[in-house]
Amino acid sequence: MDIQDENNIVALIKKGKDREVVPLLYKKVYPLVERFIVRNSGNKEDASDIFQDALLLFYKQIMHNLYDEKYKVYGYLYKVCLHKWINRAKKNSKISFVDEIESLDIPVFEEFSEEIIANPDENIIRKLFSPIGEKCIELLTFTTYTSLLLEDIMLRMEMNSVSAVKMQLKRCKEKLLKQIDENPALINQLRR
């Protein structure tokens, strides 16, 4: 099996040949990730941390059969890195990004609050969702907007089991419904 062929990477990792594949991923993907992060308020150390986190997630997805092989490995890994950097940068401060990342055909799992900013009813929605907490917003976003498997959500949110994901999801839905029940005036404003 040719290690240089991108289509063989997943199979090679599954066969335990990750020590041979990782240097190739560093060679092909890391320079692009570093360039993006450095151009968008980061540094080489940030790029290295993000890339290692993304590699670990990618490896876990492959080993747990959660990686969707319809995506090209290099593009997928690059997109995961960009997503991780954007999320970290957004949490740390408001940063404007100079590179466009929408051209890759891989889903981006943006934070829920960022998806609704363009909505004119932004303040109403923020009042409804902010009390339920960031973790709940992230979990509800994953389950509602991205159609991720519970196993994938478990890995992304670093939970211990699928049961923990289900329990947390139930609690988050209850919190959201409580917010809606307690704020009928806000709901009525959205319906206008």
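Throughout, read-outs are computed from the coordinates displayed, never taken from laboratory work. Predicted model only: the values in this text are computed from it and were never measured. Counting neighbours? That spans all protein chains shown, and the Cβs are built from the backbone with ideal geometry, glycine included.
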Run the simple label-point estimate for Lys166 and Glu134 please: 7 Å along Cα→C-beta, distance reported in nm. 2.9 nm
Averaging the inverse of every distinct alpha carbon separation and then flipping it gives the Kirkwood radius. What is it for the range 6-91, in angstrom units? 13.1 Å
Which one of Gly42, Ile86, Tyr30 is farthest out on the positive end of the charge dipole of the range 6-92, using unit charges on Cβ (Lys, Arg +1; Asp, Glu -1) and the Cα centre as origin? Ile86
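Starting with the highest mean, order 51-58, 133-140 by the number of other Cβ atoms within 10 Å, averaged over the residues of each peptide.
Working: 51-58: 18.5, 133-140: 16.9.
Descending mean neighbour count gives 51-58, 133-140.
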Residue by residue, what Karplus-based ³J(HN,Hα) values in Hz, rounded to whole numbers, does the range 77-90 have, using 6.51, -1.76 and 1.60 with θ = phi - 60° and x for Gly and Pro? 4, 4, 5, 4, 4, 4, 4, 4, 5, 4, 4, 5, 5, 5
